[in-house]
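Colleague: Let me begin by handing over the structure; questions about it come next.
The values are calculated or read from the model by the stated rules, or taken from the named source; none is laboratory data. Computed from a prediction, not measured in an experiment: that's the story for all the values here. Here the Cβ positions follow ideal geometry from the backbone for every residue, glycine too, while neighbour counts run over all protein chains shown.
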Amino acid sequence: MVTLHDKKTNPSAQSSAGADKFHASKSYEFLDDGYFEIDLYGNLTEVNERLASIFGLTRDALLANSPRHITMFIDEPHLEQINEQLEYTQQHGCSGRLIPASCSRPDGSVGYLELSLALMRDSAGQPTGFCGIARDVTTRFNTELRLDQRIRFMSVLQQVDMELNHFLDIDRVLDTAVVAVNYLSSASAGCIGLMDGDEVYIARGFGGFHPNVTLPPDGIVARVVRLRQPDWVPDVSVDPDYRALVPTTRSQITCPMIAHDKLVGVLVLETDQPSTFTSEVFEYVQLLTARVASAIDNAQLYGIAQQQVEELRALNAQLQELEQLKSDMIRIASHDLRSPLGIIGGYLSILRDDLMDSLTPEHHTYIEAMMQGLDRIDRLTTDFLSLERLQSAKRPLTDPVDIALLVHKAVYDAREPARLKSLTLESDLIADPLMVIGEETDLYEAIVNLLNNAIKYTPSGGRVYTQLRIDNERAVFLVEDTGIGIPDEYHHRLFQSFFRVKTSETRDIPGTGLGLHLVKKIITRHGGTVIFESKAGEGSIFGFTLPIARPLHES
């Protein structure tokens, strides 16, 4: 077995080797690789200038008078492989593979080599030593190392992305983030600080940074917050803005966490070893900070949204209670009012009839005003009850209703009010049943409201025209009048509750302002559409469409 020893050369062997060994020509000085020769004991006997530069030494330093063992220039982890290849080379004439090695240079840098060996013999064929080529692969090694680091970083970044996007809880996000940045940067201390107004408080920290502590209002952190730019200080001792939180810190990286142009906090990393932070680490930390900032912003927004949802739920519960209280009050008041109002109305009618001959015209006016007031209150209570019934309706609409029958009944009932105002009441109605799905009472109320409004707002001698037809598998009901019409500026508010058009023509016409609002609610609940056209001084068209209960060919 050939083993390299730090052993003095045997003089006779050295003399024989000097006489018999084969020397390659001086052309090896022009090689791009390092060239060397060693005797059988491992001592250098010849090198070129390129090998000297690879080791960071001069040629004379390598070939000193005293024997210079080759292992003096090779790092410890590779010596065993070199010994194995020397033995292999002595047996087979050349090395079986490239031998990786590294060398520590006087300037502190490390060089990486690939060695190949060949056996040298004298003219008698006896081994005299070894010659070899040393290729400098430092650049390639460092490139591969950086590539491996980048691949590792991208893998970690992808994993962190998945974990950060998986959580919307701020505590889980912060815990994941601080572990990730610590792993990628190898920092000895650091923290994630979140903005609280103009201050930055520590949300998560390690290595001397304690949670819930406010960072100094000046220093490197304040500078990063102000400029919103990442900062790497290789030597904190030369930065006048540095404020020591961990006394052993030598280098610091500080990155602003910005999401959607909003500063959500800062990431601070410190190390007590100046060589820990490199330009690559600084780049990786910036990339990771962007992900962390986005995840923290999402978690904060989610937290705010959850809080607002809880507040809305509580508010909605209160509104439901108030709505129920309002409905109860309207229902109770309306029911309780109807009975005494009926009694008052009855006695007023008796008084008017019994005292008809003895009352003065002024007294007749008083009684008529009271009767009109009672009638208005009665209509209000009726409309209130209808509105409350619609708002509290929960049961789905499933019953078939003959809309044609309802329209015929409403038109029949409207003949007397129209006659009393000397109106012409005309109609064009379907004679056969026309079925829709809905609530019969509500639909009849909507039809009657539209008919009554047309009669009420059409002056004496006018015309009211009613139509019921089928159009594109929908029932279409229309009421057209030659009444006073509605100015354009009131159109957008016409179906609001308690709204009434205020003009000189409508001042003395009684009404509650709930009729059209009820029609809109009823038709909307039945899946229909309200129809409205009007022009001041020319009349109006009101109506609605409803989906029929089955296709026309089945009707």
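Colleague: Looking only at segment 474-501, how many residues end up being farther than 16 Å from Ser540 by Cα and at pLDDT below 90?
Modeller: 4
Colleague: Keeping to segment 73-96, report how many residues are farther than 15 Å from Gly42 by Cβ and polar (S, T, N, Q).
Modeller: 1
Colleague: What number of residues within segment 74-103 satisfy the criterion of being touching a helix residue (DSSP H, G or I) at 6+ places or on another chain (Cβ under 6 Å) and buried (at least 16 other Cβ atoms within 10 Å of the Cβ)?
Modeller: As a first pass, look at segment 74-103 and keep what is touching a helix residue (DSSP H, G or I) at 6+ places or on another chain (Cβ under 6 Å): 79, 95-96, 99, 101, 103.
Filter once more, so that each one left must be buried (at least 16 other Cβ atoms within 10 Å of the Cβ): 95, 99, 101, 103.
The number of residues fulfilling the criteria is 4.
Colleague: Also, I was wondering about something else. Among the residues in segment 60-77, are any in the same structural domain as Phe130 (by TED's automatic domain parsing), assigned to a loop (DSSP other than H, G, I, E, B), modelled with pLDDT of 85 or more and within 60 Å of the chain's Cα centre (by Cα)?
Modeller: There is at least one residue in segment 60-77 that is in the same structural domain as Phe130 (by TED's automatic domain parsing), assigned to a loop (DSSP other than H, G, I, E, B), modelled with pLDDT of 85 or more and within 60 Å of the chain's Cα centre (by Cα).
Colleague: Could you list, in sequence order, the residues of segment 104-117 that are surrounded by 15 or more Cβ atoms within 10 Å (Cβ to Cβ) and more than 26 Å from Val281 (Cβ to Cβ)?
Modeller: Result: Leu113, Glu114, Leu115, Ser116, Leu117.
Colleague: For the condition of a type outside the set (Val, Ile, Thr), in the same structural domain as Thr89 (by TED's automatic domain parsing) and more than 22 Å from Thr278 (Cβ to Cβ), what is the one hit in Ala203, Ala101?
Modeller: Details: Ala203 fails: in the same structural domain as Thr89 (by TED's automatic domain parsing).
None of the others qualify; the one that does is Ala101.
Colleague: I would also like to ask the following. Residues in segment 422-429: is at least one within 49 Å of the chain's Cα centre (by Cα) and farther than 20 Å from Gly513 by Cα?
Modeller: Within segment 422-429, not a single residue is within 49 Å of the chain's Cα centre (by Cα) and farther than 20 Å from Gly513 by Cα.
Colleague: Assess whether Ser460 counts as being among the small types (Gly, Ala, Ser) and farther than 22 Å from Glu426 by Cα. Even if it seems obvious, please write down each step before you answer.
Modeller: Values: among the small types (Gly, Ala, Ser): yes; farther than 22 Å from Glu426 by Cα: no.
It is false that Ser460 is among the small types (Gly, Ala, Ser) and farther than 22 Å from Glu426 by Cα.
Colleague: Additional query: Among the residues of segment 430-469, which ones are within 23 Å of Leu516 (Cα to Cα) and hydrophobic (A, V, I, L, M, F, W, C)?
Modeller: Keep residues of segment 430-469 that are within 23 Å of Leu516 (Cα to Cα), which gives 436-460, 462-469.
Across segment 430-469, the qualifying residues are Val436, Ile437, Leu443, Ala446, Ile447, Val448, Leu450, Leu451, Ala454, Ile455, Val464, Leu468.
Colleague: Hey, another quick one. Can you tell me which residue in segment 26-45 is farthest from Thr89 (Cα to Cα), limited to those that are in a loop (DSSP other than H, G, I, E, B) and touching a residue at least 24 places away in the same chain (Cβ under 8 Å)? Talk me through it step by step, then tell me what you get.
Modeller: Of the residues in segment 26-45, the ones in a loop (DSSP other than H, G, I, E, B) are 31-33, 40-42.
Right, trim to touching a residue at least 24 places away in the same chain (Cβ under 8 Å) and you get 31, 33, 40-42.
On the way: Leu31: 22, Asp33: 20, Leu40: 11, Tyr41: 14, Gly42: 13 Å.
Going through the qualifying residues, I end up with Leu31.
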